[in-house]
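Below is one structure, written out as structure tokens; comments come after it.
What follows draws every value from the coordinates through simple rules; no lab data is involved. Keep in mind that what you see is a predicted model, and the values were worked out from it rather than measured. Virtual Cβ from ideal backbone geometry, glycine too; neighbours counted across all protein chains shown.
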Amino acid sequence: MEAMKNILTRNSPRELTSPIPSSAEMQEIYQAALRAPDHAWLRPSRFIEVTGKGLEKLSKIFVEFAKNEFEDVTPEQLEKYRAAPFRAPMIIILTTKVTEHPKVPKVEQMLSTATAAENILLALHAKNFAGMWRTGKFAFNEKLAQYLNLSSDHEVIGYLYVGTPSGTAKKIPELNLDKFVTHWNE
């Protein structure tokens with residue numbers, strides 16, 4: 001797919017189904033992810049690829065985390081959290097391994113992982129797959145790393161739900177660039 005068309009037509013589909021990218025395709029997609037900007041070559045981005053029975057494991061982690069860490073969680077909320085990983089046949093958990101560095105603050109390292117995530121979404125789209133980025137209560141929470149068996153220097157910044165788009169595609173709206181771009185030319 002031509003690069004600009006890929007960028008301008010990518011969106012987050014309402015529904016994702018099988019098939020998912022092959023292992024070889026995912027290797028190339030992760031290579032694309034790691035081309036993201038990375039100040040001081042810290043390589044902060046880490047990915048946990050969840051498929052098959054791994055979705056059940058993630059579901060149990062979400063429920064356990066909610067029971068232990070959220071106040072006044074209802075049975076309906078627990079069911080929503082239990083079901084969340086099953087909205088797609090693959091989930092990529094986006095984590096940042098934060099390194100203390102005098103010139104590269106934590107937020108910049110997290111932004112590097114965010115740009116890696118966009119590279120994943122664009123690479124998926126180029127291969128006729130799709131993804132949607134989710135955050136919510138299971139992201140940006142320092143306690144979550146231990147539930148995922150990660151060291152305390154990791155932070156989850158989101159989840160990419162991955163698969164083949166199904167159903168009706170969302171219409172991509174035309175945007176008035178004057179609302180988003182200011183020109184300083186004097």
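Observations, loosely collected:
- Per-residue ellipticity at 222 nm, computed for the chain from helices alone with -39500 (n - 2.57) per DSSP H run of at least four residues, works out to -11500 deg cm²/dmol.
- Ranked by how many other beta carbons lie within 10 Å on average, peptides 99-107, 156-164 from highest: 156-164, 99-107
- When the P(r) of the chain is calculated, the portion above 25 Å amounts to 42% of the C-alpha pairs.
- In a simple Cβ point-charge model (Lys, Arg +1; Asp, Glu -1; nothing else charged), the chain has a dipole of about 400 debye relative to its Cα centre.
- Under 29 Å from Lys127, Cα to Cα: lysines that are on another chain or at least 8 residues apart: Lys5, Lys53, Lys57, Lys97, Lys170, Lys171
- In summary, the lysines within cross-link reach of Lys60, defined as a Cα separation below 20 angstrom excluding same-chain residues under 8 places away, comprise Lys80, Lys137, Lys143.
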